[in-house]
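Presented below is the structure to which this report refers.
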Amino acid sequence: MASGGMGDVLSGIIGALVAQKIPLYQAAQAGVYFHGLAADNASKYHGERGLSASQLLNSIQQVVNI
């Protein structure tokens, strides 16, 4: 998760939640949770090492639509 763009993905998730009128603190908590869960799911297919931000996109969609 220490690769380029991961913070951008996280801030995008949080920003999207805030845009839906979720309070900032709750949006940050949920965003971190979704980001981590998506990374866990993506690492099952792509491995933990070298996981890129673009590989999270499908996993994020799956996580937030549960």
Filtering region 53-66 for residues that are of a type in the set (Ser, Thr, Tyr) and in contact with a helix residue (DSSP H, G or I) (Cβ under 8 Å, 6 or more places away or on another chain) leaves a count of 1
Does any residue of region 4-15 turn out to be in a helix (DSSP H, G or I), among the small types (Gly, Ala, Ser) and in contact with an Asp or Glu (Cβ under 7 Å, 6 or more places away or on another chain)? no
Which one is surrounded by the fewest Cβ atoms within 10 Å (Cβ to Cβ), of the residues in region 12-66 that are touching a residue at least 40 places away in the same chain (Cβ under 8 Å) and of a type in the set (S, T, N, Q)? SER54
Can you tell me how many residues in region 13-26 are farther than 16 Å from ASN65 by Cα and within 14 Å of the chain's Cα centre (by Cα)? 1
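Only residues that are in a helix (DSSP H, G or I) and among the hydrophobic types (A, V, I, L, M, F, W, C): list them for region 16-34, please. Walk me through it before giving the result.
Residues of region 16-34 that are in a helix (DSSP H, G or I), as a first pass: 16-19, 24-34.
Answer for region 16-34, where residues must be in a helix (DSSP H, G or I) and among the hydrophobic types (A, V, I, L, M, F, W, C): ALA16, LEU17, VAL18, ALA19, LEU24, ALA27, ALA28, ALA30, VAL32, PHE34.
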From the option list LEU37, LEU51, LEU56, single residue qualifying as in contact with a His (Cβ under 8 Å, 6 or more places away or on another chain) and either part of a helix (DSSP H, G or I) or closer than 15 Å to SER3 by Cα (or both) is LEU56
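Each value in this text was obtained by applying a stated rule to the coordinates, not by laboratory testing. Keep in mind that this is a model prediction, so the values were computed, not measured. Cβ coordinates were reconstructed from backbone atoms using ideal geometry, including for glycine residues, and neighbour counts include every protein chain displayed.
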